[in-house]
Amino acid sequence: MAQVRHCDNLVTAQYLRIETGGVACIVSRIMIIEFQELPPIGTNAFALIEPSLQQCVIVDAPADAYAWAQQVADKHGCKIVALILTHGHWDHILDGHQFAAAGVPTYGHADDREMFAAPSKMASYAIPGLELKEVPIDHWIQGGDQLELLGTQMEIRHVPGHCPGNVLVYIASEKAAIVGDVIFAGSVGRYDLPGGDFSVLEKSIKTQVYTLPDETTLYPGHGPATSVIQEKASNPYVKG
Ligand SMILES: [Zn+2]
Ligand SMILES: [Zn+2]
């Protein structure tokens with residue numbers, strides 16, 4: 001029988017990891033998910049925090065996201081180990097260049113490559129006078145990828161339709177998905193922007209969002225959190 005040892009001082013174990021040599025290590029995983037609505041148009045930034053590893057991952061970078069992420073990291077004594085961008089729209093990537101300049105590895109989908117490289121092309125859709133800076137992407141991600149971050153698996157699903165490169169980040173261990181602008185509580189993402197298409201969006205929601213377990217909490221890029229079961233039951237645009 002495997003030996004069991006506690007790997008840290010926390011006693012509540014969410015899962016048992018069997019290490020080589022048959023030693024079972026009880027790892028206390030208490031991932032904290034914080035989010036904050038940020039300027040200039042109310043876009044959510046997310047911090048996935050794993051205190052036992054002293055690491056956090058940030059998802060999306062509206063204005064002031066870098067300062068907010070640093071505050072969160074300091075509060076939990078964590079290092080920011082990744083910035084994942086759900087898509088390339090200007091309001092989600094404004095502060096991305098600051099993370100990159102600080103050496104935080106960045107992740108994005110190649111179908112939004114142009115918007116990461118030259119966000120000023122979206123200037124006509126943004127607030128006039130904003131400085132839109134390139135966000136260098138270190139890791140191109142695609143649907144089906146399993147990122148190993150914070151000691152857990154994060155599944156990337158490709159959910160185009162709002163824009164070509166929207167991805168969602170599904171963290172099965174937390175029953176949570178950060179979805180960008182594909183779906184909102186009681187609504188769906190705009191499909192009238194360049195690269196948008198309602199039939200593509202509908203297919204993404206049906207095949208990539210509604211196929212997540214019902215109890216999955218959905219964290220959209222704007223507005224409050226919702227859940228798969230709630231949207232399947234009541235989303236007026238895409239029926240479950
Ligand atoms: Zn968007
Ligand atoms: Zn948005």
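What follows is calculated from the coordinates using simple rules that are stated; it is not laboratory data. Computed from a prediction, not measured in an experiment: that's the story for all the values here. When we count neighbours, we look across all protein chains shown, and the Cβ atoms used for this are built from the backbone with ideal geometry, even at glycine.
In whole Å, how far is the Cα centre of region 222-238 from that of region 179-219?
If we compute the Cα centre of each part, the gap is 9 Å.
Nothing charged except the Cβ atoms of Lys and Arg (+1) and of Asp and Glu (-1): what's the magnitude of the dipole of the chain about its Cα centre? Round to the nearest 20 debye.
Here the chain has a charge dipole of around 440 debye.
Pull up the DSSP beta bridges for the chain and report the antiparallel fraction as a percent, rounded to 5.
The answer is about 65 percent antiparallel.
So between Ile30 and Ile229, what do we pick up on full extension, going 0.36 nm a residue minus the alpha carbon distance? The partial results should precede the final answer.
Details: separation 199, 0.36 × 199 = 71.64 nm, distance 2.40 nm.
Difference between extended and current length: 69.2 nm.
Please build a GNM for the chain, connecting alpha carbons under 10 Å apart, and tell me which residue among Cys78, Cys163, Cys56 fluctuates the most.
Taking springs between Cα atoms under 10 Å, the residue moving most is Cys78.
Run down the aspartates and glutamates and flag those whose C-alpha is under 13 Å from the C-alpha of Lys232, throwing out any fewer than 8 positions away in its chain.
Partners found: Glu202, Asp214, Glu215.
Pick out, in residue order, every one of the GluC sites (Glu not before Pro) in region 196-240 that is DSSP loop and has at most 13 other C-beta atoms within 10 Å; say none if there are none.
Sparse-neighbourhood loop GluC sites (Glu not before Pro): Glu215.
Tell me which of Thr86, Ile127, Thr226 sits at the most positive position along the dipole axis of the chain, charges placed on C-beta atoms (Lys, Arg +1; Asp, Glu -1).
The residue sitting most towards the positive pole is Thr226.
Pop out the ³J(HN,Hα) list for region 86-103 in order, Karplus 6.51 cos²θ - 1.76 cosθ + 1.60 with θ = phi - 60°, rounded to Hz; leave Gly and Pro as x.
Once θ is set to phi - 60°, the couplings for region 86-103 become 5, 6, x, 5, 3, 6, 9, 10, 3, 8, x, 4, 5, 4, 4, 5, 7, x Hz.
Please state the shape class of region 126-227: rounded when a/c is under 1.5, otherwise prolate if a/b exceeds b/c and oblate if not, all from the C-alpha gyration tensor.
Oblate, since a/c reaches 1.5 and b/c is not below a/b.
Provide the per-residue ³J(HN,Hα) series for region 142-148, in order, calculated from phi with Karplus coefficients 6.51, -1.76, 1.60 and θ = phi - 60°, each as a whole number of Hz, with x at glycine and proline positions.
The phi angles translate into 9, x, x, 5, 10, 7, 9 Hz.
Can you tell me how region 65-142 classifies by the Cα gyration tensor, rounded, prolate or oblate, using a/c under 1.5 as the rounded cut?
Note, shape of region 65-142 comes out oblate.
Amide H of Gln55 versus every other amide H placed in the peptide plane: which residues, excluding those fewer than 5 positions away on the same chain, fall under 5 Å?
Glu50, Lys79
Can you list the residues, at least 5 places off or on another chain, whose amide H is less than 5 Å from the amide H of Thr217, using H built in the peptide plane?
Ala176, Ala177
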